[in-house]
Every structure is written in structure tokens, then in C-alpha cells.
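Below is one structure, written out as C-alpha cells; the observations come after it.
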Amino acid sequence: MRPYILLTPGPLTTSETVKEAMLSDWCTWDEDYNVGIVEDIRKSLVELAAKRTENYTSVLLQGSGTYCVEAVIGCTIRPNDKLLILSNGAYGNRMGVIADRQGISYDMLAFDETMQVDPETVERYLSRHSDVTHVAFVHCETTTGVLNPLERLAHIVKSYGKVLIVDAMSSFGGVPLDVEELGIDFLISSANKCIQGVPGFGFIIARRSELMRCKGVSRSLSLDLYDQWDAMEKGHGKWRFTSPTHVVRAFKEAMSELQAEGGVEARHDRYCKNHEVLVKGMEKLGFKTLLPAAIQSPVITSFLYPDKDFDFKSFYQKLKAKGFVIYPGKISQADTFRIGNIGDVYPEDFEHLIEAVQACR
Ligand SMILES: *Cc1c(COP(=O)(O)O)cnc(C)c1O
């Protein structure tokens, strides 16, 4: 069934059973599709995000992950508010582009792409800028694979009483975290990353009291998170506009498979093993990682080109012919390519990948 596996988060490699869940056509409003499924998904997402769930709720939104980031930024920051964005890569920077487009007042603290967002700099900034009301940052910067220090950053942001928005797109479901313990107000992720569904919608885990404050704030109709939530609550899982029925079915299957695997901890272990087999094997072949191990996530790994004459395009094509699709790099300061560790892929797949890399160099 698979001409190749995707080591590109995302979309990423999904299981046969997740794909099979899409083989029927579902009616948006019929009981067979609607009753239970969307509400089950919303409830299990909150349970995946927190041990104590009572103050949290979730909203699903059509589109890719960026739509959800844009929805959160556009619905939470009011005309007199100020957003502080902490960025060390393309996805952090994209939040700035979103704020620009929406005419939202923001500051950006930019950090080197090969380093973590630095908690001390953030603390110093917040102590001097009391006009900031909201802080947003990316948990795992998929640009490079840097895992930002979520716990320390969240602690600082909350100790200054700011609303905390976390783009956990590429980490949620694959890296353990608890929104309630961390004090996260809005956490954003999407169907086709660590939950291992197919692309088509994203979701937000929100602190109920903060989401209630979003009513009437959005200037966009389709990205109005509050209205989307309200329609889902009142309609018991009804989407405001055409729902991505097949994607939702596949996602439900993916959520059960996550549970069957043993939950987030077990999935995290597998991703760590994938990462370890990958890095050890690549290093044996003479490749070096862009990042030091201490700040590296198990989600995606950047490798430096081994030498000046390295031809990524031909390397990519040869690997693809052997059954592996990888990612080009995305940073300016070094020539890199990236290999994703997430999806329905296992340590054996990475052992085979290493053999393929050896043959393709
Ligand atoms: C994938 C991803 C996004 C969303 O990207 P889309 O292409 O809109 O799905 C946002 N932030 C991070 C960190 C991501 O990894």
C-alpha cells in the first residue's frame, strides 16, 4: 500500500487502519457521523492535555495548523492588549506575520534558530514591559527541531499574570505535558502531527474562562474560535460549516491507536527510540546534527550537509526511490536537511533508512 514512508511532519506516515477509516462517505449532520464522535474527540483531547480537566475545553477548526494559530491570535488579543511573541524559528516568526496582517499590537523577542528561547531574557523583558497582556511561543520549533523549555517559560509567563498561548503543533500527543499544571491558556495543535491523523483540521485546548472572553473579538468569520466552540457546544459536536468528515473519522481512529499504544508516554518513548537509531546511524555515516543533544526534540532532526559538494536534490530522489521521503532544511545560517521521527514509523524503519542512506551517499 505504501510506495514510501513520509519522514516529513507533516503530513506524516499514518497506519493502514487510519487510512481505512476514510473509506466511507459520511453525512455532516447525520447521526451516524455526528452523534458522539466529535464530542468524544473533544473530550479525549482535553483528557490528553490535562489530568484535571474541569477548567478546560476544546475546539476543532477546519484547515491546517496555521488556521488555528491565526484563530487564537485573532480571538484573544483585543485592541488595547499587547502580544509578546518569543521566536526561534519560522513558526514563531509566522505568529508575527499573523499579528501584522491582523493589525495586532505585538513585540517580538527573537532568538537564534539553533538555540532555545531563553527564559532569563523573557523574564527581564516582562519585568520591564507591563503593557504586555499575552505571551505566545512554539513548544517544538519544527524549523530545526529545538525543544523550547516549556516548563520554565510557562512558569515565568504565569508568574507575571499573562495569558499564555503555546503552539504545540508538532509536540502535542508525542511529548508529555499538562496544560493545567503549566498554566497554559490556549494550546494549539493539529490532526496530522503526533496524534498521527491525516491533515484537514486543527484544534485548540482552551481554558474555559479565557475562551469565554473571546466572544465577539474575532474580525474573521470562519476563524472565530468562540463561535466555532459555541456551535459545537450547542449542537453537541456540530461544526459551523462543512466538517472534514473523513478526516474526523480517521482522527478518531488515530486517537484510539494512541491510547492502544500506551498513551503519550509510550509514544514519546517510541519517538525517542526512532530519534536515537537515526542519530547513531547517521553519525556512523559521517553526518552531524545541527543541534546539541540537550536542546534537541525527538520530533524532527536537522542534519548538516556532510560537505560542500553534497547534492540534496539527488540524495532526496535516491532515498525516495528506496522508500523514504525526507525534508529539506528551513534555516538560512547553515545547509541542512531534516528527518522527521514522528508518525506510524518505528525503530526498524530507521534502521532501514540508515542502510538506504549508506547506499545513496
Ligand atoms: C506544522 C506546524 C504548524 C502548522 O503548519 P501548517 O502547515 O499550517 O499545518 C505550526 N507550528 C508548528 C510548530 C508546526 O510544526
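Worth pointing out:
- Residue within region 304-314 that is in contact (Cβ under 8 Å) with a residue 60 or more places away in the chain, over 18 Å from the mean Cα position of the chain (by Cα) and surrounded by fewer than 20 Cβ atoms within 10 Å (Cβ to Cβ) present: no
- In region 47-66, the residues that are of a type outside the set (A, V, I, L, M), more than 14 Å from the ligand (Cβ to nearest atom) and not in a strand (DSSP E or B): 47, 51, 52, 53, 54, 55
- Residue in region 150-165 that is within 13 Å of the ligand (Cβ to nearest atom), not assigned by TED's automatic domain parsing to the domain that holds residue 340 and not charged (D, E, K, R) present: yes
- Check on residue 179, under 30 Å from residue 39 (Cα atoms), surrounded by 23 or more Cβ atoms within 10 Å (Cβ to Cβ) and away from the ligand (no atom under 14 Å from the Cβ): yes
- Count of residues meeting criterion [assigned to a helix (DSSP H, G or I) and not basic (Lys, Arg)] in region 67-102: 20
- Yes/no for residue 39 being assigned to a loop (DSSP other than H, G, I, E, B) and within 26 Å of the chain's Cα centre (by Cα): no
- Taking region 67-78 as the range and being within 8 Å of the ligand (Cβ to nearest atom) and surrounded by fewer than 19 Cβ atoms within 10 Å (Cβ to Cβ) as the test, only 67 passes.
- Those residues of region 321-351 which are under 18 Å from the mean Cα position of the chain (by Cα) and under 15 Å from residue 270 (Cα atoms), in sequence order: 340, 341, 342, 343, 344, 345
- Residues located in region 317-357, provided they are among the polar types (S, T, N, Q) and either closer than 14 Å to residue 277 by Cβ or at pLDDT below 95 (or both): 332, 333, 341
- Pairs are defined by a Cβ separation below 8 Å, a sequence spacing of at least 6 or placement on different chains, a first member in region 141-152 that is over 8 Å from residue 89 (Cβ atoms), and a second member that is within 10 Å of the ligand (Cβ to nearest atom) and in a loop (DSSP other than H, G, I, E, B); the pairs so defined are 145/299; 147/139; 147/171; 147/299; 148/139; 150/139.
The values are calculated or read from the model by the stated rules, or taken from the named source; none is laboratory data. All of these numbers come straight from a predicted model, not from anything done at the bench. Backbone-built Cβ (ideal geometry, glycine too); neighbour counts: all protein chains shown.
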